[in-house]
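See below for the structure under consideration.
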Amino acid sequence: MASIVKHRKVNIVVLGQDEPVGEHCKPGDIAISAAADGWWTSFIGDDGTIDSYDIPYPSYQEALWAAKAAAEFGV
């Protein structure tokens, strides 16, 4: 079940495995989602496009830290 962590007025949407980013996020959100190979960090653009880092983070905490760092810079 999706949950939201708010950081610097940015929604960081935490998704479980197999929860689709597009169903839970809106433009300007950052998503971190669980997968079999780790935690993926994705960014939802103003036009709804989804861009992700090339590799997943090994833990939820690392993915959350990366999302908060991106929110600091307004990404």
With every protein chain left in place, what is the accessible area per residue of the chain in square angstrom, probe 1.4 Å?
62 Å²
Full-extension gain between residue 53 and residue 2, please, as 0.36 nm times their residue separation minus the C-alpha to C-alpha distance.
16.4 nm
Which of the chymotrypsin sites (Phe, Trp or Tyr not before Pro) found in the chain are in a DSSP loop and have at most 15 neighbouring Cβ atoms, other than their own, within 10 Å?
53, 73
Using unit Cβ charges (K, R positive; D, E negative) and no other charged atoms, how large, in debye to the nearest 20, is the dipole of the chain about its Cα centre?
420 debye
Return the carbon/sulfur percentage of the accessible area of the chain, one whole number, probe 1.4 Å, all protein chains in place.
55 percent
Taking a ≥ b ≥ c as the square roots of the eigenvalues of the Cα gyration tensor of the chain, is the shape rounded (a/c under 1.5), prolate (a/b larger than b/c) or oblate?
rounded
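The values are calculated or read from the model by the stated rules, or taken from the named source; none is laboratory data. Note that the structure is a prediction, hence the values are computed from the model and not measured. Counting neighbours? That spans all protein chains shown, and the Cβs are built from the backbone with ideal geometry, glycine included. Heavy atoms of the whole protein, side chains included, go into the accessibility calculation; ligands, DNA and RNA do not. Shrake-Rupley method; radii C 1.70, N 1.55, O 1.52, S 1.80 Å.
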